[in-house]
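Take a look at the structure below.
All of the numbers you see were taken from the coordinates with simple rules; none came from a lab. The structure displayed is predicted, hence computed values, not measured ones. Note: ideal-geometry Cβ built from the backbone for every residue, glycine included; neighbour counts use all protein chains shown.
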Amino acid sequence: MTLTQLKYVVAVDTYRHFAKAAEHSFVTQPTLSMQVNKLEQELGVRIFDRKKQPIEPTRIGEAIIKQARLVISESERILELVKAAKGEVGGEFRLKIIPTVSTNLLPRFLRGVLEQYPEISFRIKELQTSEIINMLNNDRLDAGIMATPLGETGFVEDPLYYEPFMAYIPENHRLEKEEFVLLGELKVSDLLLLKEGHCFRENVLNICEAAFPGGEGNSKELEFESGNFETLVRLADKGFGMTLLPYLTALDLDEESKNRIKPIEHPQPTREISIVYREGQPKTKVIEILAKEIKSRLPERLLDPNFGNTISPLPSR
């Protein structure tokens, strides 16, 4: 049994296809298939059911693959420990960020990290929370930046900042003349929401549930859900209701739109944004670098965990 064989097995499980696994492992398919077969022969079991399309692991195969991922992770940890002891940092780092964070966070810290640490090769992509959790569980990325707490076992959640929710109130709205918005004034029937799958949507619904237990005032004449805040703001300006925005999104609006932002009563509903990774993750040095750089580029008030009232990103129902 070799580390290379275990990596090939994990690749097949990840892509559920021998050709794709070979392509991403930078070997020929016959080479990868031969090594997987040799491992199966050595163990005396079938790791994959090749009759199914896409390929699926057998029951014993699932256990073997889970252990293989641990072995690979620990072997990488040895290399990272050696690098750390030498004061070195580098290599590929796979990072995923939820869309409601990436747009306004990445421009604040990414250039600084790339300039200071050119030896780190970042692979960054936007994904929704459920996809990031799945990839973390399958060791297909090194860390994710998303709203927490997640309620997942085996994860480390390192809080980066605490982002208040801001109310965007257009002209001629019932709350236009108010200096700030009370929780009791928020109604789902009046809110433009992000589409399902975005944890910010769940944050907002949980705020409304707290304000109106049982769903009072939540019937809607118009149901419209968008994948981005810009569309919600434009629809609000056209008279279709109000919306809630994260603090950094509100901060990056144009000056005219900023005049329509109103705070929500204290303690303000707030989302906790964390960098999340698996326990035993070997690339903790890079994670520490990212966390430090991100925190240095944010308004100091967002670093205070006592600033507001943290709202869960988990569905309330």
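Annotations for the structure displayed:
- In the chain, a dipole from Cβ-located charges (positive for Lys and Arg, negative for Asp and Glu) runs towards its positive end, and of 141, 191, 71 it is 71 whose Cα lies farthest in that direction.
- Helix 3-15 and the longest principal axis of the Cα set of the chain meet at an angle near 40°.
- Rounded FRET efficiency, nearest 0.05, which uses the C-beta distance separating residue 119 from residue 59 and R0 of 45 Å: 0.60
- Taking only the Cα atoms of segment 244-317, the ratio Rg/Rh comes out at 1.04, with Rh defined as the Kirkwood radius.
- Reach of residue 96 by Cα under 30 Å, taken over lysines that are not fewer than 8 positions away in the same chain: 7, 20, 66, 83, 86, 125, 195, 258, 283, 285, 292, 295
- In sequence order, segment 193-200 has phi-based couplings of 10, 5, 6, 4, x, 8, 5, 5 Hz under the Karplus curve 6.51 cos²θ - 1.76 cosθ + 1.60, θ = phi - 60°, and Gly or Pro positions carry x.
- Once divided by 2.2 N^0.38 Å, the Cα radius of gyration of segment 58-102 becomes 1.67.
- The trypsin sites (Lys or Arg not before Pro) of segment 227-260 that meet both conditions, a loop assignment by DSSP and at most 15 other Cβ atoms within 10 Å of the site Cβ, are 238.
- As a ratio to 2.2 N^0.38 Å, the alpha-carbon radius of gyration computed for segment 68-136 takes the value 1.32.
- In loop segments of segment 152-194 as defined by DSSP, the trypsin sites (Lys or Arg not before Pro) with at most 15 further C-beta atoms inside 10 Å of their C-beta are 174, 177.
- Sequence-distant residues sharing a close amide H with residue 243 (under 5 Å, placed H): 168, 192
- Cα-Cα separations in segment 74-200 greater than 21 Å, expressed as whole percent: 57 percent
- Close amide H pairs (under 5 Å, H built 1.01 Å from N) link residue 264 with 167, 181, residues at least 5 positions away or on another chain.
- Sequence of 28, 243 once ranked by neighbouring C-beta atoms within 10 Å, starting from the fewest: 28, 243
- Karplus-derived HN-Hα couplings along segment 113-120 (A = 6.51, B = -1.76, C = 1.60, θ = phi - 60°), whole Hz, x at Gly and Pro: 5, 5, 6, 7, 10, x, 7, 8
- Where labels lie 7 Å past Cα in the beta-carbon direction, separation of residue 297 and residue 172 in nm: 4.0 nm
- Amide H contacts of residue 122: 93, each under 5 Å away and 5 or more positions distant or on a separate chain (H built 1.01 Å from N in the peptide plane; Pro and chain starts excluded).
- The mean of 1/r over all pairs of different alpha-carbon atoms in segment 3-84, once inverted, gives a Kirkwood hydrodynamic radius of 13.0 Å.
- Between the listed residues 109, 181, 45, the Cα displaced farthest toward the positive end of the dipole of the chain, a dipole computed from Cβ unit charges relative to the Cα centre, is found at 45.
- Whole-number D in µm² s⁻¹ for the chain, Kirkwood Cα-pair radius fed into Stokes-Einstein, 25 °C, 0.890 mPa s: 111 µm²/s
- Paramagnetic reach from residue 41 in segment 1-26 [backbone N under 13 Å; point 7 Å along Cα→Cβ]: 1
- Qualifying trypsin sites (Lys or Arg not before Pro) in segment 95-159, where qualification requires a DSSP coil assignment and no more than 16 other C-beta atoms within 10 Å, comprise 140.
- Axis of helix 29-43 versus longest Cα principal axis of the chain: the two differ by about 70°, to the nearest ten degrees.
- HN-Hα J in Hz across segment 283-295 - Karplus 6.51, -1.76, 1.60, θ = phi - 60°, x for Gly and Pro: 9, 5, 5, 5, 4, 4, 4, 4, 4, 5, 5, 4, 4
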